[in-house]
Amino acid sequence: MNHQILVGNTLNHIQNLPKDSIDLIITSPPYWAKRRYCDEEEIGTEATPEKYVKNLTKFFKTLEPYLKKEGNLFINIGDTFFGSGAGAWNKYLDKQGNVTKYQKERKEKYYTLKPLQPKLKQNGKLYQNKQLLLIPSRFAIEMQENGWILRDDIIWHKPNRIPASVKDRFNNTYEHVFHFVKSKKYFFDLEAVKIPKISGKGLKNPGDVWSIKTQPLKGNHTATFPEELVEKIIQCGSPIKGTVLDPFLGTGTTWVCAHRLSRKCIGFDINKDFIGIAVSRFEEYFPNDNSEISKN
Ligand SMILES: C[S@@+](CC[C@H](N)C(=O)[O-])C[C@H]1O[C@@H](n2cnc3c(N)ncnc32)[C@H](O)[C@@H]1O
């Protein structure tokens, strides 16, 4: 299997691919105002949640012509509370408004982007501290307005989620995985992902709540998605020998899963360190493999 793994902005790289050539796009975009992965302009650093939703939708509109008519798009996206971290503001900026050593260290280690949110003034409506912003729902609606057909809102339940220290709400233990298509007839191999019936006789549709443990971090990257989740999606969303694109490749989870399942992977990431981690991970998983990997 020959793969194409490139450093750089997906919006530039995508233009070099043939239109109508991808069977499945599977990805986990940067969430709004959570982390800064590099210093260039990147998704997730928009000034408001509304701008983020518009920008992310525009991003997938750009990718749409490269997805086959019968192709699938799966997007894993989580939510954010407005003002998260605002209470600990002093830790992030000093009296002169400069980023503190504490925040600098956190950024290097976890790519956290705490100072971004509190810059937005509360407006007593959506922008109120403690407000759950419902970003996944806003994004899904915006995608529908842009012509995508939403087929599933899969709940990825994380059974091993560490309890948060919050005392006035429940601990968040899930994220969404939206399944979009371009046309009413599309590739979908349900048989490949069926699970045993409780009676033990025969197989059944696995349903739309998937309980899958989060995986340990790779390097400094704090937002890897679990291989089990990605494999399920690749199996039902693309044919064997098909082409899978991850436009936010990160540490290469989609790549290793696609390879294991005999699909070609095209992966882009704006951060060269992550592509480095992805390449080492691939080499570690498949030491004797002679796949051709084009990189820049
Ligand atoms: C949530 S992470 C993806 C994690 C990945 N699913 C994994 O398992 O490691 C999002 C990634 O998007 C990348 N990114 C952000 N904006 C980008 C852009 N315009 N083009 C390419 N990559 C981008 C970031 O560098 C980051 O690695």
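The values are calculated or read from the model by the stated rules, or taken from the named source; none is laboratory data. Source: prediction; values computed, not measured. Positions of Cβ are backbone-derived with ideal geometry, glycine not excepted, and every protein chain shown enters the neighbour counts.
Descriptive notes on the structure:
- Flag if ARG281 is of a type in the set (Lys, Arg) and within 13 Å of the ligand (Cβ to nearest atom): yes
- Unique match (being basic (Lys, Arg) and touching a residue at least 24 places away in the same chain (Cβ under 8 Å)) among LYS182, LYS204: LYS182
- Flag for ILE198 being free of Cβ contacts under 8 Å to residues at least 60 places away in the same chain, assigned to a loop (DSSP other than H, G, I, E, B) and of a type in the set (A, V, I, L, M, F, W, C): yes
- Members of region 233-272 found to be surrounded by fewer than 21 Cβ atoms within 10 Å (Cβ to Cβ) and closer than 22 Å to THR214 by Cα, listed by number: GLN235, CYS236, VAL256, ARG260, LEU261
- Scanning region 7-33 for residues that are within 18 Å of VAL177 (Cα to Cα), more than 8 Å from the ligand (Cβ to nearest atom) and at pLDDT below 95 turns up just one, TRP32.
- Among the numbered conditions (1) assigned to a helix (DSSP H, G or I); (2) surrounded by 13 or more Cβ atoms within 10 Å (Cβ to Cβ), the only one that GLU283 does not meet is (2).
- Residues of region 147-161 satisfying the condition of being assigned to a loop (DSSP other than H, G, I, E, B), surrounded by fewer than 14 Cβ atoms within 10 Å (Cβ to Cβ) and within 20 Å of the chain's Cα centre (by Cα): PRO159, ASN160, ARG161
- Residues in region 249-278 that are among the polar types (S, T, N, Q) and within 9 Å of the ligand (Cβ to nearest atom): THR251, THR253, THR254, ASN271.
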